[in-house]
Structures are given as C-alpha cells and as structure tokens.
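The values are calculated or read from the model by the stated rules, or taken from the named source; none is laboratory data. A quick note: this is a predicted structure, and the numbers were derived from the prediction, not measured. Glycine gets a Cβ as well: all are built from the backbone with ideal geometry, and neighbour counts include every protein chain shown. Heads up: the accessible areas ignore ligands, DNA and RNA and are worked out on the full protein's heavy atoms, side chains in. Shrake-Rupley method; radii C 1.70, N 1.55, O 1.52, S 1.80 Å.
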Amino acid sequence: MQIYKTFLKMLIRNMPSGMLYLGIFISIAIVVANNNQNNDISSFTSSRADVAVIDNDNTELSEALKDYIGSCHNIVNISDDKEKWTDELFYRTVDYILVINKGFEDGVTGRSYADKLESYSAPDSNTSYIVQSQAESYMQNVCACLDSGYSMEESCKKAADIAQIQVNVTLSGADKNEDVSDAMPAVNTISYFFTFFPYVILCLLINTLGSTLIVWNKPELKARTAVSGTSFAARNAGIVGAMFTFSCIIIMIFTVVCVVMYKDDFFTKATLYFGLNALCYMLVSLSVTFLIAQLSKKLSALSIWSNIIGLSTSFLCGVFVTRDLLPDKVVAFSKCLPTYWYINVTEELKYYNGSLSSNSWISIGIQLLFAAAIMVISLVVIKNRQRKQEMA
Amino acid sequence: MFGHLYKYRLKSLLRMKEDVFWCLGFPIILCTCFFAAFSGISDKTNNFHSIPVAVVYEKENAIFKATINAVSKSDTQGEEFLNVTETDSASAKALLNDDKVDAIIYVDDDISMAVAASGLNQTAVQSFLNEFEQKSALISDIIKENPDKLVSLIGNIFSSRTYISEQKLTDSPMDEMSVYYFSLIGMAALFGGFLGCSVARQMQPNITPEGMRKSTAPVKRHTMIAAEFLAAYTLQLISMAILLFYMICVLRINLGNEAGYVALTCAAGSLVGIASGIFVGSLPIKEGMQIAIFLVYSLGSSFLSGLMVHPIKIWIEKSMPIINRINPATLIQDSLYSLVIYNTHERFFTNIITLAVISVILCTLSYLMTRRKSYANL
C-alpha cells in the first residue's frame, strides 16, 4: 500500500506537465469542431469560393456581373494593392480576383472585349477554374442577348433570369451517406475529439507516467526497496495498481471534458465505441510509455521521446491530416503503426449506422496485439538488464 | 585565449545532447512529418484533375452527348474536364458507392445529377450542367422571339472567344503548404536560443556552478562573452545548414532559387534566436523558469508565423499588423516567402534589417543585465 500511495502521489505531482498537452488537445478539438460544425451533409451544397471583384467601371453591366458572381460565391473586400492580392491568393483567403476595367460596358456595347476583364488566381487552382467558367458563361449569355437585339438593360436582366435555371442535384446513391444522415448529428462533432486523442494521450502518459517510472527504475531506489520488508511481488502490485488508478483518473478527466464539450451529443452508442477504441489505444500508450521508461535513463529525454513518437505517428497515421490527403506510400507504411488501426475505427465511426463492422473489431484487436507485443519487448528489456546486472 | 575559449565552448555545447536535439533533431523530425503529411495535399486539394462521372442516358439527347464528348476530350488546363463512363443506373450507383465516380448524370427530359457528398468536383459538374441547361433555355427563348438571329446566336454561344484575360501576379507555384516549411525554418532559427540560454545561464555565478568557476577565471569578461556567443552561433549556423541541406537536397522542398538570400535569412534568424536565448538566460531566475519562458516565446512566435495554422499571418495582418512587423518567426517566414513570391527584394531586406535591429536590442539588454555584477559570496 505504501508503494501504491507513493507512486500515485508522484504521478499526480507530475500531472501539470501532462495538463499542457490536455490544454493543447482541447484547443485543437474546439477549433476544428467549430470550423466544421456548419457542414450540412444532409443535402447537397455547392462550394462557394471567396471572390474579390475590383469594379473600376461602375456601370449597369459591371454591377450585374458582380451581382451574378455574388449569387454563386462569397464576395470579399480587398484593397487595390497587387502585393496584398498576392498574399491573399497565396494564403487562399481569396480564391479569385476579378478586375473590371474602366470602359468595360462601352467595350462590350461596341463589341470590343480585349483587356476589359482581368482575373488573378493561384496557378492551376480548381476553385478559380469554376469561377472563371461561370463568369465567362455569364458574359457569353449577355453578349448573345446583345447580338440578338436586346438593350443592355434587357440583356443583363435576361442573363440574370437564365442564371436562375439550375439542375436538380440529389444527395443519394452512396449507402454510407444514408447512414451518415441518420447518425451524424452526434458523431460528426464528437469524432474530432477522438481523432486527436492518440497524440495527447501518448504525450501525456510519457511525460507523467514515464517520468515517475524512470525515478522508480533507478538502481539505488530499486535496491533500497529490495532490502526493505516489501516483497518484489508486492512492489510490482503496488506500481501496477497505481498505474491502473492513474489511468482511471485520466479516463475520468477525458470523459468530463468530452461531456462538457459535447453534452448534447455524448450519450450515444457511437460514443461508447469511440470510448472503447480510445481505451484500447490507451493500453498501447501505456505499454509504449513502459518501454520508453525502461530504455531512458534521463528524465529530460522523455520530452524528446514524446515529441518524436507523438508527432511522427500523428502525422503519418492521419491524426493531424485526414488520411485521404496523405500520399499512398505514407498510408501503406502507417499500417505498421498502432495509430493507423485506431484511426481506422474512428474513420468508420464517423459514418456510424448502429453497428460496428468486423473490420473495426479487427482494428481494435490489432491495437491490443500491439499493446501486448510492446509490453513483451519491455519485459525482455528488463530481463536482459537484470541478467547483465547479475553477471556484473 | 579567445580561440581556446571558443574551441572548448563549442566542444562542450556539442556534448549538450538535449540542446542539440532541439536545435537540429526536432526541426528535422518535424520537417519530415510535414513532408510525409503535406506532400500530397496541394495536388489533391488545389490542382485541377479530371472529374470522374457516370452518365445514364434514360432518353437519347444528341446535343448533350456531343457536348459531354467535347469536354471529356478537350484539353482544359492539361487534363480533360470530365472522365465519362456511360452506364446504366444500377452500375452508376455502384460506381458512386465505391467512390469510383464523383457524380451520376441522369439524362432524361431534364438533366439531373446525383452525388454522394458535397464538394468542389461535384460543384464543378453541377456548374457545367447548369451552363448547358441555361444555354439551351437561352437559345430556345431567343429563337422564339427572333428566329432570324439563330445563326449569330449559335456563333456567339459556341465561339471560342474569351472575355476574361488571366493574369499572373508571380511565377511561383503558390503552394500554400510551403508556409509550414518557412515557419519551421523560423522555429529552428529561434530554437538556437536553447544554446544561447545555456551559454548565458552558465555564465551567471549565482545560478550555475559553471558560472562560479568562470567568474574566478583570469579572463576578460567581454572576451569570454564573445567566445561563448560565437561558439553558440557557430553551432546554430551548422544546424541550420544541415536543416537546409536536408530540406533542399533530400526532401526537394522549393525554397526559391536564391540560395544566398536564404542563407542570409537563416543567419539573421539564428542571430535573433541566439540573442533571445542569451536574453532569457541572463534573467535572474531559475533554470526551469528560463526554459519555460523561452519555450512559450519561441513556440508562440512560431505559432503566430503560421507553423500550426498557415493563414494566421494574414489574419494578424488585417487586425494587428504591428505583430507581423516585430515577431521574429514571422519576419523569417516572410523573408523566405517574399523570396519565393516576389521579384523584388524590398520586403526581404526590410525583414532582414528588422531582425538585425531586434538582435542588437536583445544583446544590448542582455549586456546591461549582466555587466558589472559582483557577489559578496557564492
């Protein structure tokens, strides 16, 4: 009991360094959830680009063109400074800039079109291609009307009326989306919380539990405990018990944070599966921490380990960047890492339809196998060290 | 004496493995992670690729067929606009389910479309279909009123005339992901401050045993400071050179074609990094607090330059531009950015001069904090 209490006290004393990662985690989860909360996935919505229109003509036609672009995209204001335009296009805060030069309407009336409209966009931009083709189409319609004998006012009105014609788009056909629309309100927001979980739990455990284990692995401390009345088995039981209690505290903290952040969406079956998956990954993180504590001698090395393992697995396995956007070779390599299998389950749970597929259960099983394998490696390391000490 | 001090300080700094890790190892690891994660993003999200669609003809429509054949063969921005698969309804749904196509186009009396999700490709297909329907409606409307205008109308609508001329602001590919690498170089330069911090701390007799020993040595204070500073700066420059070599030669990251200016940016950035570290290390506080202050400063500065969220620089520019003018990581990032984007060096040199001024201010403050200190006992 004494060992249990001391170990737990040390763990709790090391908590502030772990809380830093919890703070980062909550901030990321809030920012990402807020950025994605308006995505309506129950019906089709056209992508709207951010378009800046610099109107130097201020005529009926230029206003009509501006209104048309505004009906399809978001009009943003931008200063008339080309250096600022470059910055805005580079950072994609503006997708497309249309400059309507002076004399535009007069030019169109006189059938002289050259250099009246100029566009600026990032090279090979998908978004700008859509805006450009829409604006060209609108101008074709206006010019067709003008050539057919309509006045400028009538042509603008005709082109605006024609622009109202839209094809019917249905969001259907893919089973997964039908499932999504049923389960999504709860799953959509909470999935961001669990997506970033691997990074934070790994760094948190290495920096708190790892530093405590390193202190307990010091030969002098081990020797002192060995000569005391406490048996080796009781010592280990105390440490394992304290680790278990600490894990429960961590789970409670995460549960409270999750309930506070997603109180309306928390109590669903999907959350239960998310929690189960997170619990399995926590076991992986515990075994990784245990191994690192056996390999490291210095406390200061832990932040290095946590950054190397935490960042690399998170970047490679789709925690920080969606797996769809990762290169195929990276995805293939990441299958060798437990985080890949964790993300496998969270990805499926985003489209949760009431049950977990066999693939997800296999992914959970593979995580448990990883945890067991890493723990076995740790025990081998301990055994080898003991053998060396005995030989010495 | 200077050479001796410089040589041994350099050797001892090389043995400080943690500081060397933060200056060199961590930026290289982070850079590799960025490369693994971001190398496919620009191509997948920004650049134009043919859109796979399935077309289901429930009723023959020769004009639509001709139009769709034209856009699936014509060369728009290097690739055809649509990659069309003509099939029946069931197969089309299967293709959509398997993510083999982005949309199904149903051709009946009206044209309609089914998609599995909202997105840019789906919007592009929708826009194309809208255009077709709008043009059809326009032609039939005008012909009803002015049948004699048919020839000029068709000529107008199907002409290859373009009304909008596309202009270029820069020859750069404008890869927004490169901001992360620029910010990472800024962070790596500032992380040189870990060396500066250790150097300054180990010169303070009231904080470290090394400082006590040094204070009793028969060496002029300014000679010692210069040797220590230069040793840290040398090691930081070597770290930056290795990082740049790794980025340019191994990962093939585009940092522009002006290697000399890139090196100048790293040198100026490293100077600020070391100067910041020396300033923090000179503060009369405990080691743990010094490291915490330096971490908050260096990571905060890197965050504001776009290391974690790349458009943050432009958000700050709109609300509090003064931060971008004085934040060291932003200045380093902006120098590299301006080299890649702009043809002139005006903005680049403004940033470099500002970095030099910041370094001078920090070194002066550090000197004022540490000079003429004497201790009754240690």
> Which of the residues belonging to the range A:227-246 are of a type in the set (V, I, T) and under 10 Å from A:Y4 (Cα atoms)?
Replying inline: A:I239, A:V240, A:T245
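Quickly run through the range A:150-189 and pick out the residues that are facing chain B (nearest Cβ under 7 Å) and modelled with pLDDT of 85 or more. Full working, then the answer.
We begin by selecting, within the range A:150-189, every residue facing chain B (nearest Cβ under 7 Å); these are A:162-163, A:165-175, A:177.
Those that are facing chain B (nearest Cβ under 7 Å) and modelled with pLDDT of 85 or more: A:I162, A:A163, A:I165, A:Q166, A:V167, A:N168, A:V169, A:T170.
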>> Condition first: assigned to a helix (DSSP H, G or I) and under 34 Å from the mean Cα position of the chain (by Cα). Now tell me which residues in the range B:144-175 satisfy that.
In response: none
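For B:E133, state whether it is closer than 30 Å to A:L146 by Cα and either in a helix (DSSP H, G or I) or free of Cβ contacts under 8 Å to residues at least 60 places away in the same chain (or both).
Values: closer than 30 Å to A:L146 by Cα: yes; either in a helix (DSSP H, G or I) or free of Cβ contacts under 8 Å to residues at least 60 places away in the same chain (or both): yes.
Considered against the rule, which asks whether it is closer than 30 Å to A:L146 by Cα and either in a helix (DSSP H, G or I) or free of Cβ contacts under 8 Å to residues at least 60 places away in the same chain (or both), B:E133 comes out as yes.
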> In the range B:104-130, how many are at the interface with chain A (Cβ under 8 Å from one of its Cβ atoms), outside any helix (DSSP H, G or I) and not polar (S, T, N, Q)?
Replying inline: 9
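Kindly indicate whether A:T346 is out of contact with any Lys or Arg (no Cβ under 8 Å at 6 or more places or on another chain), within 14 Å of chain B (Cβ to nearest Cβ), within 16 Å of A:F197 (Cα to Cα) and modelled with pLDDT of 90 or more.
Working: out of contact with any Lys or Arg (no Cβ under 8 Å at 6 or more places or on another chain): yes; within 14 Å of chain B (Cβ to nearest Cβ): no; within 16 Å of A:F197 (Cα to Cα): yes; modelled with pLDDT of 90 or more: yes.
So A:T346 does not fit the description; no.
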>> Among the residues of the range A:274-283, are any at the interface with another protein chain (Cβ under 10 Å from one of its Cβ atoms) and open to solvent by 10 Å² or more (accessible area, probe 1.4 Å)?
In response: no
> Taking A:L61 and the conditions (1) open to solvent by 30 Å² or more (accessible area, probe 1.4 Å); (2) in contact with an Asp or Glu (Cβ under 6 Å, 6 or more places away or on another chain); (3) within 12 Å of chain B (Cβ to nearest Cβ), which numbered condition does it fall short on, given that it satisfies the others?
Replying inline: (1)
>> Can you find a residue that is within 9 Å of chain A (Cβ to nearest Cβ), open to solvent by 30 Å² or more (accessible area, probe 1.4 Å) and either in contact with a strand residue (DSSP E or B) (Cβ under 6 Å, 6 or more places away or on another chain) or part of a helix (DSSP H, G or I) (or both) anywhere in the range B:176-191?
In response: no
> How many residues are acidic (D, E) and assigned to a loop (DSSP other than H, G, I, E, B) when one looks only at the range A:64-118?
Replying inline: 4
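Answer yes or no: is there a residue in the range B:354-369 that is over 30 Å from B:K214 (Cα atoms) and either open to solvent by less than 70 Å² (accessible area, probe 1.4 Å) or over 18 Å from the mean Cα position of the chain (by Cα) (or both).
Yes, that holds for at least one residue.
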> Considering A:S296, A:S247, which residue is among the polar types (S, T, N, Q), open to solvent by less than 40 Å² (accessible area, probe 1.4 Å), without any contact (Cβ under 8 Å) to a residue 60 or more places away in the chain and within 30 Å of B:F21 (Cβ to Cβ)?
Replying inline: A:S247
> Of the numbered conditions (1) open to solvent by 50 Å² or more (accessible area, probe 1.4 Å); (2) closer than 14 Å to B:F182 by Cβ; (3) part of a helix (DSSP H, G or I), B:A329 satisfies every one except a single condition; which is it?
Replying inline: (1)
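Condition test on B:V101, is it modelled with pLDDT of 85 or more, at the interface with chain A (Cβ under 10 Å from one of its Cβ atoms), part of a loop (DSSP other than H, G, I, E, B) and surrounded by 15 or more Cβ atoms within 10 Å (Cβ to Cβ)?
Considered against the rule, which asks whether it is modelled with pLDDT of 85 or more, at the interface with chain A (Cβ under 10 Å from one of its Cβ atoms), part of a loop (DSSP other than H, G, I, E, B) and surrounded by 15 or more Cβ atoms within 10 Å (Cβ to Cβ), B:V101 comes out as yes.
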> Given (1) farther than 18 Å from A:I190 by Cα; (2) crowded, with 16+ Cβ neighbours inside 10 Å, where does A:A373 come up short, assuming only one miss?
Replying inline: (2)
> Any idea which residue in the range A:119-137 is nearest to A:A49 (Cα to Cα), counting only those that are in a strand (DSSP E or B) and facing another protein chain (nearest Cβ under 7 Å)?
Replying inline: A:S125
> Within the range A:82-108, can you find the residues that are open to solvent by 60 Å² or more (accessible area, probe 1.4 Å) and acidic (D, E)?
Replying inline: A:E83, A:D106
> So, of the residues in the range A:336-392 that are outside any helix (DSSP H, G or I) and under 19 Å from A:L283 (Cβ atoms), which turns out to be nearest to the chain's Cα centre (by Cα)?
Replying inline: A:L337
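Condition check: in contact (Cβ under 8 Å) with a residue 12 or more places away in the chain and part of a helix (DSSP H, G or I). Does B:A268 satisfy that? Lay out the reasoning, then the answer.
Details: in contact (Cβ under 8 Å) with a residue 12 or more places away in the chain: yes; part of a helix (DSSP H, G or I): yes.
Criteria met by B:A268.
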> Can you tell me which residues in the range A:129-157 are within 15 Å of B:E133 (Cβ to Cβ) and open to solvent by 10 Å² or more (accessible area, probe 1.4 Å)?
Replying inline: A:S133, A:Q134, A:Q140
> Taking interchain pairs and intrachain pairs at least six residues apart, which have beta carbon atoms under 9 angstrom, with the first residue in the range B:85-98 and over 13 Å from B:V115 (Cα atoms) and more than 10 Å from every other protein chain (Cβ to nearest Cβ) and the second open to solvent by 70 Å² or more (accessible area, probe 1.4 Å) and not in a helix (DSSP H, G or I)?
Replying inline: B:T85/B:K100
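From the list B:L339, B:L307, exactly one residue is within 14 Å of another protein chain (Cβ to nearest Cβ), in contact with a helix residue (DSSP H, G or I) (Cβ under 7 Å, 6 or more places away or on another chain) and part of a loop (DSSP other than H, G, I, E, B). Which is it?
Details: B:L339 fails: part of a loop (DSSP other than H, G, I, E, B).
Sole residue among the options that is within 14 Å of another protein chain (Cβ to nearest Cβ), in contact with a helix residue (DSSP H, G or I) (Cβ under 7 Å, 6 or more places away or on another chain) and part of a loop (DSSP other than H, G, I, E, B): B:L307.
Going through A:N277, A:N307 one at a time, which residue ends up being at pLDDT below 90 and under 19 Å from the mean Cα position of the chain (by Cα)?
Numbers: A:N277 fails: at pLDDT below 90.
Only one candidate qualifies: A:N307.
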